Every structure is written in structure tokens, then in C-alpha cells.
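Take a look at the structure set out below.
The values are calculated or read from the model by the stated rules, or taken from the named source; none is laboratory data. Owing to the predicted nature of the structure, the values given are computational and were not obtained by experimental measurement. Neighbour counts run over all protein chains shown; Cβ positions are idealised from the backbone, glycine included.
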């Protein structure tokens, strides 16, 4: 007779180990990576985040044949797009979701030097804007994810368009014009990739503001614009039906009475929609704000010092950490974000290379 008592004895720890392995595997499968474009070295660096403490480890880097600036990743997270500004093209890179590593699979010439790129919500088109050329263009994405060279729409903007993004419904596109103190408003045909001027075609942000980048509140019908020249943030009501904006508040990014020569660069809200941050170049800080949960209006929390010339920063998808790149210092400052107060506390500084131009945190499930 074969005894089953010993069999039962070893099957219990075996089952526990198997369960632990499965749970651990499911826990480690989700990973967050931080992509940093290093324009002075023609590379994109990939850092893996430790979710327990926000620490970053350099995992990979890839050369893109020119100076990369703006980075974009579509909803499927299969491809990363890089604006290669020195070459007037966009690089398409395939992403390995397990490692975060990149492999360049295509290079596409575009209108001119692309200052900003962004995919539409269906990931069928790439939106591009051109600061020097005074234009914006839409390019289709092929089934392989590579940018197709024939634009579906090219529009002439006003002076110095500095970014371009589409709303969450995939119907409306906005282009802030830093040199003209206005935001252009377009309707977007998600089937054809065509742009058409909305009514009205523009919204003025005020003399000397210079709207540069912008961010949609995650739940409220509010859009936030950071003003490069005015060192301020403009809050706009957003009509989800018509796609039109209306200015409701403008608030400084600098301390009261500051005389520091300054220009603003980037802006983001936390995923929770409770806090907003904007970067000050010159004052070299991140301006911090609480967001009114009803109106979307801002109240200053002060400024947190950061690296020299903070052109770009990113908030991780968990809303726990902020990574700010110093274009002037070649360093990346890492902060813990206090969910209860919105304040930032620096816990690490990383040497990343010459002239970092963009930072993008992405979580792969």
C-alpha cells in the first residue's frame, strides 16, 4: 500500500510556493519606465522605476540619429515616437513591454523641425507642431505603427506654435501659439485625420502670456495652459460639446515680488486631479498648486527648487513621484509627491547626460 500522508505533507508547501510564484509574477509583471530624451547626445534613455521608493535604474539607451525632443506614446503602449528636431523627422520605436527597451523601426521626414508630437486617442494619427515654421500637421500611422510620410492635414498657425494635443473624446485639437498669446481651436475628423477651424477659431490668453504647453484635468471640463512669457498658468473652462475654451483664471508661477528672469516650460496635473505643477526656467523651480474640486481653479502651494533650466518633467502614473529634468545641469531630480498636501520632497538626483529635453513615465500592465 502506498501511504498518502507524506504526499499530503509536501503538497501543502508546494501549493503555497506555486501560489506565491503566481502572485509575485503578477505583481512584477506591471512595471513603470521613465523615458528621457537626451538631445545633446542623440539618445533616448530608459529607466526602470522601483515602485516601492521611486528610485530609477538605467536599463537601456538607444541612438536615434539626431537630437530628440518631444516624446509620445499611444494608448496601446506598443510604440514610442520621438521628434528628432535636428533632422526634421519623427522616429518610430517599438517597445518591449517586459523590459521597456526600445528598437527603432522607422524614420519619417515631416514638415520641419517638430517641437511637439502627440498621438490621437485611437492611435491612427500623429499630431505634430512646428515652432519655427508656424504650422501644425497630422500624419497617419501605418498598421506597423510607423509614421506615414504623407500628411492628412497641414494648417498654418499663428506665431510660434509650441504644442499640440487632442481632447479625450478625440474630436478637438488645440495649438497654443507662444508668440501670439492665443490658442487655436480645431475640429478633428478621426476617420480622415483632417483639421478644420472651430468656431471661434481661437481664444486669447492675454498680452504677454505666451501659452506653451497644456494639460486636461482628468475629470473636470477644465484645461490648463502654462504661459512661457508670462510666468503664469491660465485656467480655461472647456465645453465638451463644442470643444471651445473660455479663460477663467490666470495665476503666477513665481513667488510674489519675484524679479527673477524666468520663462515657463511644462505643465501637468496629478492623475487624481488634486494638484498641478508647472516648471520655471530661471527661477529653476516647480510651481505647485491645489485644484479646487468643483471649479478647477488653482491655489498656489509655493515653489520647489529643482535642477537648472527645467524644460521637462513627468508625474508617474501612480501619482506618487515627479521626475524633473534640468536641461542646463544634465541631471534628473526625483521627488516624492505627498498625496495629502501636494508638496514635493527630493529624494534622489541622477546624472543623465547633456541637455535632457523630455521626460515621460509610462506604466505597462
Q | Flag if residue 40 is in a strand (DSSP E or B) and touching a residue at least 12 places away in the same chain (Cβ under 8 Å) | A | no
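Among the listed residues 82, 109, which satisfies the condition of being within 17 Å of the chain's Cα centre (by Cα) and closer than 16 Å to residue 130 by Cβ? Spell out how you get there, then give the answer.
Working: 109 fails: within 17 Å of the chain's Cα centre (by Cα).
Being within 17 Å of the chain's Cα centre (by Cα) and closer than 16 Å to residue 130 by Cβ holds for just one of 82, 109, which is 82.
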Q) Within the range 65-152, which strands (runs of 3 or more DSSP E) (wholly inside it) include 2 or more residues that are in contact (Cβ under 8 Å) with a residue 40 or more places away in the chain and more than 23 Å from residue 312 (Cβ to Cβ)? A) 102-109, 135-140
Q) (1) surrounded by fewer than 22 Cβ atoms within 10 Å (Cβ to Cβ); (2) farther than 18 Å from residue 193 by Cβ; (3) modelled with pLDDT of 95 or more: which one isn't true of residue 131, the others all being true? A) (1)
Q. What number of residues within the range 170-186 satisfy the criterion of being within 18 Å of the chain's Cα centre (by Cα) and part of a loop (DSSP other than H, G, I, E, B)?
A. 1
Q | Members of the range 336-362 that are buried (at least 18 other Cβ atoms within 10 Å of the Cβ) and under 13 Å from residue 286 (Cβ atoms) | A | 337, 342, 344, 359
Q) Can you tell me which residues in the range 148-169 are over 16 Å from residue 124 (Cβ atoms) and more than 21 Å from the chain's Cα centre (by Cα)? A) 154, 155, 156, 157, 158, 159
(Q) Can you tell me which condition residue 254 does not meet? The list is (1) closer than 20 Å to residue 312 by Cα; (2) within 22 Å of the chain's Cα centre (by Cα), and all the others hold. (A) (2)
